[in-house]
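Below is one structure, written out as structure tokens, with a few remarks after it.
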Amino acid sequence: MTLDAALRATEILMALAFLQQSAEHLAGFRDERLIYGLRAILCALLLFGIASPWVLLALVLLGLLILQRFQGPYNGGSDKMSLLILCCLTAARWLPQEHWKEYAFAYLAGQLVICYFISGQVKIVKPEWRSGRALQDVFRFSAYPVSEGLRAFADQPRLLWAMGWAVMLFEVLFPLALFSRETLILALFTAALFHLANACLFGLNRFFWIWLAAYPSLLWLQERVIL
Amino acid sequence: MLSLLKLLLPALMPSWRFFKSVDPSPRVEWAMLASAASAPQSWREFRPRPQQLTPLAMLRRMLWNPRWNESLFLVSCAERLTLTPTEHSEQEILRRITAELQRSLPPGACLPYLQFRLVFLDRAEDGGLIKAITYQSEPHLMAGLAAP
């Protein structure tokens, strides 16, 4: 995959994810409708590749305005990933030399690997995660389960222990997937299923769409550096 | 400018420590009052989750989930309000409860004043759940709260 193709794939996936996020805000307050309406228009331009570098720059400025408006991310990690992808793409489109463009895009790929590894590492060192109790707590009293019925999972400790270990092992072993094309594609497919499960069980739909947008960067980096 | 940089840096250099620990979890509860001097008669949870959600509804929410994402934003505001209280967090909670009540209750059913409180749930030593009220707002006049 060439750098240009990977950048374009990321632009398209990010624009679609941003359109989904923006649509949800169009049902909100007037100030949000204005900000996200403008964001939706910019995303439509990006989707069709019209004046992409300028559109990306405008989206970064709008991203800063949104951060200011909500005094931080509106949707936690998904907003952070949105800004990270946007800033890396913008840098890659504006930096003058090819190798600087590559560094900017490789930073995104690196962060994607780190995000899975760190998420697993911080859990696996915790006794409550290793025993399965942490995942029981998530289902028992956290704000995330989308229905009261899902809280019944808290009474299935063996299932949650197995699920917790599956997630932790997948996350800490994720960097090993970089050593072949097949394992990376399998790992990204598994990761997407993991985000899909989080979206269904915990309502984290925005995470699913925006994480997908970061995957082309890793496919490109693997081909560029490792294979 | 410096405050904006402080908001941006965690996105450019994220910590990615998702679910490192399962901390006490906030619920927003509200009460309507006839006057600013009245005491709340009963507290109700803001936007309680449904008993069940069909697989089709879950799939639909993949594309359209504004209320749930707003509720997650209120969880963030509740955590911010408990750690470092700001007027912004309180106003966000008040205006979103007001908008929801005005949207969902029949005309004339709203009382003039609104008060909310934050209840944090945590696991007790014996495995049961414990609740702690960490914040209670003053009564606020609802008129104009939900304006942009």
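The values are calculated or read from the model by the stated rules, or taken from the named source; none is laboratory data. Since the structure is predicted, the reported quantities are computational estimates derived from the model, not experimental observations. We place every Cβ from the backbone using ideal geometry, glycine too, and count neighbours over all the protein chains shown. The area values use the complete protein model at the heavy-atom level, side chains included, leaving out ligands, DNA and RNA. Shrake-Rupley method; radii C 1.70, N 1.55, O 1.52, S 1.80 Å.
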- Of the conditions (1) open to solvent by 40 Å² or more (accessible area, probe 1.4 Å); (2) more than 14 Å from chain B (Cβ to nearest Cβ), A:Leu3 fails just one. Which one is it? (1)
- Message: Among the residues of the range B:55-96, what is the count of those that are open to solvent by 50 Å² or more (accessible area, probe 1.4 Å), within 10 Å of chain A (Cβ to nearest Cβ) and of a type in the set (A, V, I, L, M)?
- Response: 2
- Picking from B:Gln41, B:Gln102, the residue that is open to solvent by 70 Å² or more (accessible area, probe 1.4 Å), in a helix (DSSP H, G or I) and either of a type in the set (S, T, N, Q) or at the interface with chain A (Cβ under 7 Å from one of its Cβ atoms) (or both) would be B:Gln102
- Just for the range B:44-82: of the residues that are part of a loop (DSSP other than H, G, I, E, B) and touching a residue at least 12 places away in the same chain (Cβ under 8 Å), which one is farthest from A:Phe207 (Cα to Cα)? B:Phe46
- Scan the range B:112-144 for residues that are exposed (fewer than 15 other Cβ atoms within 10 Å of the Cβ) and closer than 26 Å to A:Pro157 by Cβ and report the count. 10
- Item | Criterion violated by A:Pro157 - all others in (1) at the interface with chain B (Cβ under 8 Å from one of its Cβ atoms); (2) of a type outside the set (Lys, Arg); (3) over 23 Å from B:Leu56 (Cα atoms) satisfied | (1)
- Note on the structure: Flagged pairs (Cβ under 9 angstrom, 6 or more apart or on separate chains; first in the range A:127-143, more than 7 Å from chain B (Cβ to nearest Cβ); second part of a loop (DSSP other than H, G, I, E, B) and among the aromatic types (Phe, Trp, Tyr)) are A:Trp129/B:Phe19; A:Leu135/B:Phe19
- Quick one: is A:Phe170 in contact with a Pro (Cβ under 9 Å, 6 or more places away or on another chain), in contact (Cβ under 8 Å) with a residue 40 or more places away in the chain and over 21 Å from A:Leu13 (Cα atoms)? no
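Go through A:Pro96, A:Pro175 for me and flag whichever is more than 11 Å from every other protein chain (Cβ to nearest Cβ), open to solvent by 30 Å² or more (accessible area, probe 1.4 Å) and either modelled with pLDDT under 95 or outside any helix (DSSP H, G or I) (or both). Working first, answer last.
On the way: A:Pro175 fails: either modelled with pLDDT under 95 or outside any helix (DSSP H, G or I) (or both).
So the residue among A:Pro96, A:Pro175 that is more than 11 Å from every other protein chain (Cβ to nearest Cβ), open to solvent by 30 Å² or more (accessible area, probe 1.4 Å) and either modelled with pLDDT under 95 or outside any helix (DSSP H, G or I) (or both) is A:Pro96.
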- Query: Could we say that B:Thr134 is more than 8 Å from chain A (Cβ to nearest Cβ), assigned to a strand (DSSP E or B) and among the polar types (S, T, N, Q) here?
  - Reply: yes
- Qualifying residues in the range B:20-38 (those that are facing chain A (nearest Cβ under 7 Å) and modelled with pLDDT under 95) - the one most open to solvent (accessible area, probe 1.4 Å): B:Lys20
- Report whether or not B:Glu45 is in contact with a Leu (Cβ under 9 Å, 6 or more places away or on another chain) and modelled with pLDDT of 90 or more. no
- Item | Residue list for the range A:142-160, restricted to those being closer than 27 Å to B:Phe73 by Cα and over 25 Å from the mean Cα position of the chain (by Cα) | A:Glu148, A:Gly149, A:Arg151, A:Ala152, A:Phe153, A:Ala154
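Determine whether A:Ile41 is within 11 Å of another protein chain (Cβ to nearest Cβ) and either assigned to a helix (DSSP H, G or I) or polar (S, T, N, Q) (or both). Let's see the steps before the verdict.
On the way: within 11 Å of another protein chain (Cβ to nearest Cβ): no; either assigned to a helix (DSSP H, G or I) or polar (S, T, N, Q) (or both): yes.
Spelling it out, it is not the case that A:Ile41 is within 11 Å of another protein chain (Cβ to nearest Cβ) and either assigned to a helix (DSSP H, G or I) or polar (S, T, N, Q) (or both).
Just checking, does the range A:70-79 include any residue being more than 11 Å from chain B (Cβ to nearest Cβ), assigned to a helix (DSSP H, G or I) and open to solvent by less than 20 Å² (accessible area, probe 1.4 Å)? Step through it out loud before you land on a result.
Here is the first cut: in the range A:70-79, the ones more than 11 Å from chain B (Cβ to nearest Cβ) are none.
Within the range A:70-79, not a single residue is more than 11 Å from chain B (Cβ to nearest Cβ), assigned to a helix (DSSP H, G or I) and open to solvent by less than 20 Å² (accessible area, probe 1.4 Å).
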- Message: Please pick out the residue among A:Ala91, A:Ala143, A:Ala152 that is under 18 Å from B:Asp23 (Cα atoms) and either among the small types (Gly, Ala, Ser) or not in a helix (DSSP H, G or I) (or both).
- Response: A:Ala143
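In the set A:Ile114, A:Ile118, A:Ile50, which member is open to solvent by 30 Å² or more (accessible area, probe 1.4 Å), of a type outside the set (Gly, Ala, Ser), more than 14 Å from chain B (Cβ to nearest Cβ) and out of contact with any helix residue (DSSP H, G or I) (no Cβ under 6 Å at 6 or more places or on another chain)? Before the answer, list the steps.
Working: A:Ile114 fails: more than 14 Å from chain B (Cβ to nearest Cβ); A:Ile118 fails: more than 14 Å from chain B (Cβ to nearest Cβ).
The unique qualifying residue is A:Ile50.
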